[in-house]
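Novice: Take a look at this one; I'll ask things after.
The values are calculated or read from the model by the stated rules, or taken from the named source; none is laboratory data. Everything quoted here is computed from the prediction, not taken from an experiment. With ideal geometry, Cβ positions are generated from the backbone for all residues, glycine too; neighbour counts draw on all protein chains shown. For accessibility, only protein heavy atoms count, side chains too; no ligands or nucleic acids. Shrake-Rupley method; radii C 1.70, N 1.55, O 1.52, S 1.80 Å.
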Amino acid sequence: MKILAELIEIEAKLQIDWVLVNTCLQFASWGLFSLLLAEVLRDSYHALCHQVSWLAKWHNKHHMAYRRDLSIVSLKAYQDSQLYHDILESSLLVVVLIVIALVVQQMGLWLGVAYACTFLFGASQRYILGTIDTDYNHLPGPLETTPSVWWVNRSYHWRHHFDDVNAYYSGVFPLVDKILGTGLSLKGKTIALTGASGALGQALATELLKNNAKVVALTTNPEKLVEQVGVKVIPWQLGNEAELRDSLEKIDILIINHGVNVYASRTPQAINSSYEVNTFSALRLMDLFLTTVTGPQAKATKEIWVNTSEAEVSPALSPLYELSKRALGEIVTLKRLDGNCVIRKLILGPFKSQLNPYGVMSAQQVARAILFLARRDYRNIIVTINPLTYILFPLKETSTWLYYRIFSKTAKSQ
């Protein structure tokens, strides 16, 4: 009986106060929502400043305060930018969030108000003291990192000032840019693509032109290329990638899209051809392009997109195609760790082309989907009808990235 009484006493002490737990969860949920709301409202206001003329009048003072290296034009110009943009924006954000918190009457919403007040405090301090120490995304100097996919760093925000002012609106988290499709601007970019005579190459060229990009078609078969207005054609030969060095200097984005499919063959010639075209040639082009990533702002503008295909994680009914593409995909994952420039993977399912006449998607559909996701700054662009790929590839890529990060080193660290 004594033991039973002790057990009952212990159970009473360990009894969970579900009312308290529910209150805490409710506060946390509303708190997270308020932080998200603050970011969406802040970035939406920023986007409006570029679309509404009377708002642009004040916002332009912000853009006029910086040179291309993000050094300030003058102290007065910088303080004016803080007063007429940062303080104004932060004040409006605080007022709107206070009104929402009062109307909804949820304590968690006041977390968003406090968050907004930090922006107002920082802007006021910069205006009064004339210091830029807390203006992290506007610190002057060369850009040493690539634009982040998870948050807005200096390289990301630099693109808003000097790449395309009508894109890259986000201030802390790039959520609004992902929604609006302004996370990557293709306007005015010079984009080169290999495999330009193929179905996807021609479809991509068409879609890129619609996005006001300048297209350079790199092709080993210029006679097969259908002429397109606005597309510059540069022939090249497998094994002679080094001859493209001068041309790549002027390229902002290199899309590596060429490939070969030997289907069921497993002869020595088929093995050599598969790896030479699908793997080694692509890697030589990547290495060549990376030597052009020089200058104080190159990390913010230069990119490589590599078509590694769905074969990275799924059967393609062509063993050598799978093996060579998987090898390419693995090395691309390895190279990403160096952070020399943004490298995107194109993980594409079966589309109708010369390599795959039985594809179920059209090249035009795939090209449009690629650019839709690229403009939202996806680094792994998956376009397929196979739902398993959307599950398997992120798992594979994350585990591989972690393994390579732990057990490999950059040349600088050796």
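Yes/no matrix, rows are residues, columns are (1) of a type in the set (S, T, N, Q); (2) assigned to a helix (DSSP H, G or I):
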position: Leu111; (1), (2): no, yes
position: Phe121; (1), (2): no, yes
position: Thr131; (1), (2): yes, no
position: Tyr168; (1), (2): no, no
position: Gly188; (1), (2): no, no
position: Ala203; (1), (2): no, yes
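Novice: Exactly one of these conditions fails for Val216: (1) open to solvent by 10 Å² or more (accessible area, probe 1.4 Å); (2) at pLDDT 95 or above; (3) outside any strand (DSSP E or B). Give me its number.
Specialist: Every condition holds for Val216 apart from (3).
Novice: Within region 274-290, can you find the residues that are in contact (Cβ under 8 Å) with a residue 24 or more places away in the chain and either not in a helix (DSSP H, G or I) or not aliphatic (A, V, I, L, M) (or both)?
Specialist: Correct list: Ser274, Tyr275, Glu276, Asn278, Thr279, Ser281, Arg284, Phe289.
Novice: Checking the conditions here, which among Trp54, Trp58 is at pLDDT below 95, open to solvent by 50 Å² or more (accessible area, probe 1.4 Å) and touching a Leu at 6+ places or on another chain (Cβ under 7 Å)?
Specialist: Matching residue, one of Trp54, Trp58: Trp58.
Residue-by-condition table, conditions (1) open to solvent by less than 50 Å² (accessible area, probe 1.4 Å); (2) within 25 Å of Ile191 (Cβ to Cβ); (3) modelled with pLDDT of 95 or more; (4) not in a loop (DSSP other than H, G, I, E, B):
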{"position": "Glu330", "(1), (2), (3), (4)": "no, no, yes, yes"}
{"position": "Tyr358", "(1), (2), (3), (4)": "no, no, no, no"}
{"position": "Arg368", "(1), (2), (3), (4)": "no, yes, yes, yes"}
{"position": "Phe372", "(1), (2), (3), (4)": "no, yes, yes, yes"}
{"position": "Tyr390", "(1), (2), (3), (4)": "no, no, yes, yes"}
{"position": "Phe393", "(1), (2), (3), (4)": "yes, yes, yes, yes"}
{"position": "Thr400", "(1), (2), (3), (4)": "yes, no, yes, yes"}
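Novice: Taking the options Ser353, Ser318, name whichever one is of a type in the set (S, T, N, Q) and open to solvent by less than 10 Å² (accessible area, probe 1.4 Å).
Specialist: Residue meeting the stated conditions: Ser318.
Novice: Identify the single condition in (1) out of contact with any Gly (no Cβ under 7 Å at 6 or more places or on another chain); (2) farther than 29 Å from Leu139 by Cα that Asn257 does not satisfy, given that it satisfies every other one.
Specialist: Unmet condition: (1).
Novice: Please enumerate the residues belonging to region 50-65 that are under 19 Å from Trp158 (Cα atoms) and in contact (Cβ under 8 Å) with a residue 12 or more places away in the chain.
Specialist: Passing the criteria: His50, His59, Lys61, His62, His63, Met64, Ala65.
Novice: Further, regarding this structure: Does Ala311 meet the test of being modelled with pLDDT of 95 or more, among the small types (Gly, Ala, Ser) and assigned to a helix (DSSP H, G or I)?
Specialist: The answer is no for Ala311.
Novice: Out of Val306, Val260, report the one residue that is among the β-branched types (Val, Ile, Thr), closer than 18 Å to Phe351 by Cα and modelled with pLDDT under 95.
Specialist: Going through Val306, Val260 in turn, just one is among the β-branched types (Val, Ile, Thr), closer than 18 Å to Phe351 by Cα and modelled with pLDDT under 95: Val260.
Novice: Given the conditions (1) open to solvent by less than 20 Å² (accessible area, probe 1.4 Å); (2) out of contact with any Asp or Glu (no Cβ under 9 Å at 6 or more places or on another chain); (3) charged (D, E, K, R), which single one is not true for Lys325?
Specialist: So Lys325 meets the others, but not (2).
Novice: Here is a follow-up. Answer yes or no as to whether Asn340 is touching a residue at least 12 places away in the same chain (Cβ under 8 Å), more than 20 Å from Thr145 (Cα to Cα) and of a type outside the set (Phe, Trp, Tyr).
Specialist: no
Novice: Kindly evaluate Ile251 against the criterion of being in a loop (DSSP other than H, G, I, E, B), of a type in the set (A, V, I, L, M, F, W, C) and modelled with pLDDT of 95 or more.
Specialist: Yes.
Novice: Are any residues in region 99-144 touching a residue at least 40 places away in the same chain (Cβ under 8 Å) and closer than 14 Å to Ile72 by Cβ, and if so, which ones?
Specialist: The answer is Arg126, Tyr127, Gly130, Ile132, His138, Leu139, Pro140, Gly141.
This table checks each residue for (1) modelled with pLDDT under 95; (2) closer than 27 Å to Val366 by Cα; (3) surrounded by 16 or more Cβ atoms within 10 Å (Cβ to Cβ); (4) touching a Ser or Thr at 6+ places or on another chain (Cβ under 7 Å).
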{"site": "Asp135", "(1), (2), (3), (4)": "yes, no, yes, no"}
{"site": "His138", "(1), (2), (3), (4)": "yes, no, yes, no"}
{"site": "Pro142", "(1), (2), (3), (4)": "yes, no, no, no"}
{"site": "Gly201", "(1), (2), (3), (4)": "yes, yes, yes, no"}
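Novice: Would a scan of region 334-347 turn up a residue that is over 30 Å from Arg68 (Cα atoms), out of contact with any His (no Cβ under 8 Å at 6 or more places or on another chain) and assigned to a helix (DSSP H, G or I)?
Specialist: yes
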